[in-house]
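Reading through the structure tokens given below for one structure.
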Amino acid sequence: GFLGQITLDGPSGTGKSSVARSVAARLGAAYLDTGAMYRAATVAVLDAGIDPEDAEAVARVVAEARIEVGTSAGTELVEVDGVDVAVRIRGAEVTRAVSAVSAVPAVRRRLVDQQRALVEAADAVVVEGRDIGTVVLPDATLKVYLTAAPEARAQRRAAQLGLRTADEVAALAVDLRRRDEYDSSRADSPLRPAADAVVVDSTDLSQEGVVDRVVELARSAV
Ligand code: C5P
């Protein structure tokens, strides 16, 4: 079987999470969703009643929070200080604030350390995020950067969230663009493909097609 690390980076709405989960299952590898960790940190910030743009206060709160992610019997497990937040981290309030929290260098340092420790424990792992190939695991076996046309990404996210009206889809497209700009332009670990990443454009591929491609790349990488 596959032994090594696969990084899967890219903007939101590319189908990254579903692809990462399927690839991990196909290869018998562990799976780590680093976005869930930044989202959990954001729950801690919101619950502390702090402005997500107040970098110093954000750093202080996140330093104290115990953040745990994993899977248990196929369901996603996300906890902040022992409280289950798996549903809450997908909500609009967290999605609105997460990019500001993730831009704080002390938050990134703390979560990157935790991510490396989690990955070290696995022989085979698929790690999904924004800076995994560039910062977290620069020596990964295979680096994939997943892209898709903005319209395709908005449609995909809208379908996931069950949005129907043109207004809802348009608002979502605006939110995706705002988050991508924030994530791509921050000073610390901006979203971008690693120099040695394979760029996979999923605009005209089915999810199965993307999974097949990544599995194929993984098998030829070892
Ligand atoms: O992937 P997901 O949409 O859950 O990520 C939520 C946010 O977390 C991203 O928009 C980004 O601001 C942040 N993030 C990050 N670095 C990662 C993963 C996520 O900054 N490795």
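The values are calculated or read from the model by the stated rules, or taken from the named source; none is laboratory data. Everything quoted here is computed from the prediction, not taken from an experiment. Note that we place each Cβ from the backbone using ideal geometry, even for glycine, and neighbour counts take in every protein chain shown.
In table form, for the structure just shown:
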{"item": "Restricting the stretch 206-222 to residues that are among the aliphatic types (A, V, I, L, M) and either assigned to a helix (DSSP H, G or I) or modelled with pLDDT of 95 or more (or both), the residue that is surrounded by the fewest Cβ atoms within 10 Å (Cβ to Cβ)", "result": "221"}
{"item": "Residues satisfying the stated conditions in the stretch 183-200, i.e. under 11 Å from residue 130 (Cβ atoms) and either basic (Lys, Arg) or in contact with a Leu (Cβ under 9 Å, 6 or more places away or on another chain) (or both)", "result": "183, 184, 186, 192"}
{"item": "Residue list for the stretch 119-131, restricted to those being touching a Leu at 6+ places or on another chain (Cβ under 6 Å) and either assigned to a helix (DSSP H, G or I) or more than 12 Å from the ligand (Cβ to nearest atom) (or both)", "result": "123, 124"}
{"item": "Residue, surrounded by the fewest Cβ atoms within 10 Å (Cβ to Cβ), within the stretch 87-115, restricted to residues that are more than 12 Å from the ligand (Cβ to nearest atom) and at pLDDT 95 or above", "result": "87"}
{"item": "Residue 194 vs. criteria over 18 Å from the mean Cα position of the chain (by Cα) and farther than 24 Å from residue 87 by Cα", "result": "no"}
{"item": "Residue match in the stretch 153-175 (condition: in contact with a Phe, Trp or Tyr (Cβ under 8 Å, 6 or more places away or on another chain), in a helix (DSSP H, G or I) and in contact (Cβ under 8 Å) with a residue 12 or more places away in the chain)", "result": "no"}
{"item": "Matching residues in the stretch 71-107 - criterion: being part of a loop (DSSP other than H, G, I, E, B) and of a type outside the set (A, V, I, L, M)", "result": "74, 81, 82, 91"}
{"item": "Considering residues of the stretch 169-183 that are more than 9 Å from the ligand (Cβ to nearest atom) and in contact with a Lys or Arg (Cβ under 7 Å, 6 or more places away or on another chain) only, the residue nearest to residue 109 (Cα to Cα)", "result": "176"}
{"item": "Members of the stretch 151-168 found to be away from the ligand (no atom under 15 Å from the Cβ) and either among the small types (Gly, Ala, Ser) or surrounded by fewer than 16 Cβ atoms within 10 Å (Cβ to Cβ) (or both), listed by number", "result": "151, 152, 159, 162, 164, 165, 166, 167, 168"}
{"item": "Residue satisfying all of: in the stretch 77-86; surrounded by fewer than 18 Cβ atoms within 10 Å (Cβ to Cβ) and closer than 24 Å to residue 119 by Cβ; nearest to the ligand (Cβ to nearest atom) among these", "result": "86"}
{"item": "Residues (in contact with a helix residue (DSSP H, G or I) (Cβ under 9 Å, 6 or more places away or on another chain) and more than 14 Å from the ligand (Cβ to nearest atom)) located in the stretch 7-24", "result": "22, 23"}
{"item": "Set 199, 222, 215: member being of a type outside the set (Lys, Arg), closer than 16 Å to residue 19 by Cα and touching a Ser or Thr at 6+ places or on another chain (Cβ under 7 Å)", "result": "199"}
{"item": "Residue 120 of a type in the set (Asp, Glu) and closer than 26 Å to residue 176 by Cα", "result": "no"}
{"item": "Single residue of the stretch 45-70 satisfying the filter (part of a loop (DSSP other than H, G, I, E, B) and touching a residue at least 40 places away in the same chain (Cβ under 8 Å)) that is surrounded by the most Cβ atoms within 10 Å (Cβ to Cβ)", "result": "52"}
